[in-house]
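Structure first, then comments.
Here, each number is a calculation from the coordinates, and none is a lab measurement. On a predicted model such as this, the values are computed, not experimentally measured, just so you know. No Cβ is skipped: glycine too gets one built from the backbone with ideal geometry, and neighbour counts run over all protein chains shown.
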Amino acid sequence: MADLVRFKTATLTAFGYQRNGVWGEETASQKVEHLGLMFGALAASPSGAVHGFGVPLENLSFSLLVFPIVWDWYIQWRERRRGTTPTGAVRPSPLQPSDRGRGGGGRGVAKQHHRPCSAQCLLPGERSVIDAFASAIDALFADPNIGEDALWKAGGVSGGAAVRVIRKSPDRVAEFGDSRAVLPTVGIDISRSQAATIAEGDLILIGAETYRIIGEPMGDALGLVSACEAVQV
């Protein structure tokens, strides 16, 4: 946190680094307050008065924020406590896309966030951190306020496997010449520990509703979650 504030408030950045804008004293104070609230929620016990996420203090890290599912949980937590979506929820990250280090542009960093990382690419000592992230993601899917029971049918024809999913509704706008149409799609996140080979054409049954996966599922930076786009059939 101190390094982030120092980077965003310094008159000049360190050689080889770029940033988009400078935080003044008031802005820095607001960012620290917001991040403190967020990390406090992530660290708080799920069974306590705060109903937090329960991340162990030693595992709190800005690297948690590369997972969209973490932002989903936090925004829903804020909505439950305040009844409204928090300000800045559309773009919650304290870093701008052009805040980057030497040798890398914002576009390259974005690509890295979608490339699953295998065990072979981890540095010594990182495995325990990844395991902690995996446990946190599993707890998120198990949360009855966020996750749902579902049945995954590979290829749409198998007997199916019981899984937990997180459902969203990001309608997609399609353009046909000069016309535009809203296609009712559904976003479905699913843990790769339960559905490692989920693919286009697979079916997801949630209660009495059936969804077909369209397009190739996108993996997160560590290969823990598959983000799928689906349509109801």
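Put simply, the amide H of G54, placed in the peptide plane, has neighbours under 5 Å in A43, A44, leaving out anything fewer than 5 places away on its chain. Amide H contacts for T210 (H built 1.01 Å from N in the peptide plane; partners 5 or more residues away or on another chain; cut-off under 5 Å): V233. Residue by residue, segment 143-148 carries 3J(HN,Hα) couplings of 4, x, 7, 10, x, 9 Hz when phi is fed to the Karplus relation 6.51 cos²θ - 1.76 cosθ + 1.60 (θ = phi - 60°); x denotes Gly or Pro. Residues whose amide H comes within less than 5 Å of that of K168, counting only those at least five positions distant or on another chain, are G187, I188, D189 (H built at 1.01 Å from N in the peptide plane).
At most 15 other Cβ atoms within 10 Å and a DSSP loop assignment: could you name the trypsin sites (Lys or Arg not before Pro) in segment 1-80 that fit? Walk me through the numbers before you get to the answer.
Working: sites: R6, K8, R19, K31, R78, R80; in loops: R19.
Qualifying residues, ordered by number: R19.
In sequence order, segment 154-166 has phi-based couplings of 5, x, x, 10, 7, x, x, 10, 6, 9, 10, 9, 10 Hz under the Karplus curve 6.51 cos²θ - 1.76 cosθ + 1.60, θ = phi - 60°, and Gly or Pro positions carry x.
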